[in-house]
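Laboratory data are not the source of any read-out in this text; all were calculated from the coordinates shown. Predicted model, so just to flag it, every value in this text is computed and none were measured. Positions of Cβ are generated from backbone atoms using ideal geometry, with glycine treated the same way; all protein chains shown enter the neighbour counts.
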Amino acid sequence: MGKAVVESSNINYSLLNSELKKIGFQLIQSKSELIVEQVKILIIEYVHHNNGENLKTNLSGYLSAKIGYEYSYISTVFSKAEHQTIEKYLILQKIERVKELIDYNELNFSEIAFNLNYSSAAHLSKQFKETTGITPTDYKKSKQKDRNTIDNLQ
């Protein structure tokens, strides 16, 4: 995930956008699109990096500090553009991280719950089942892993 700034008035944005999509990028043209993209990047960082240390930080404060807007504004922009709340997006990211940690088979469910700042393994299991339709144990036993790419969760 990176960015490039185009500073030219002679750009065919339609062509540029179609070429960017071919390599997995998108053209961001508005302030709202930029905020949404920043939220996604920051939540991915919040959940998937720094060994769970970020998860002990208040999400709304974290996003506000990083993006530079009040959380209520960020939340409204995100919800309107993505048709889901920031909290729902966070849960989807956390569940993908749980799947990843289960697949690594290095931590038990209690350790995974602790690392992802769940109150208990039971809370993790309940949220996992509500999101995926199966329990973490059933996922672990499954031969076919249903993993999603973290940048395309909806």
* Asked: Where does helix 13-22 land angle-wise versus the long Cα axis of the chain, in degrees 0 to 90, nearest 10?
  -> 30
* To do: Using only the Cα atoms of the stretch 30-141, each taken as one equal point scatterer with no solvent, compute I(q) by the Debye sum, divide by I(0), and report log10 of the ratio at q = 0.17, 0.19, 0.21 Å⁻¹.
  => -0.81, -0.96, -1.10
* To do: Report, in degrees rounded to the nearest 10, the 0 to 90 angle that the Cα long axis of helix 121-132 makes with the longest principal axis of the chain.
  => 50
* Compare Asn115, Asn12, Asn58 in a GNM of the chain, Cα atoms joined below 10 Å, and give the one with the largest fluctuation. => Asn12
* Asked: Cβ under 13 Å from Lys80's Cβ, Lys80 left aside: what net charge do those residues give with Lys, Arg +1 and Asp, Glu -1?
  -> -1
* Structure fact -> Note: Ala65 to Asn105 extended length (0.36 nm per residue) minus current alpha-carbon separation gives 10.9 nm
* Total formal charge among the other residues, if their Cβ is under 15 angstrom from that of Ser125, Lys/Arg +1 and Asp/Glu -1 -> +4
* Asked: What is the distance, in nm, between label points placed 7 Å from the Cα along the Cα-to-Cβ direction at His49 and at Ile28?
  -> 1.4
* **Degrees separating the helix 31-48 axis from the principal Cα axis of the chain, which is the longest one** => 30
* Pulled fully out, how much extra length does the chain show between Ala121 and Asp138, if you take 0.36 nm times their separation in residues and subtract their Cα-Cα distance? -> 4.7 nm
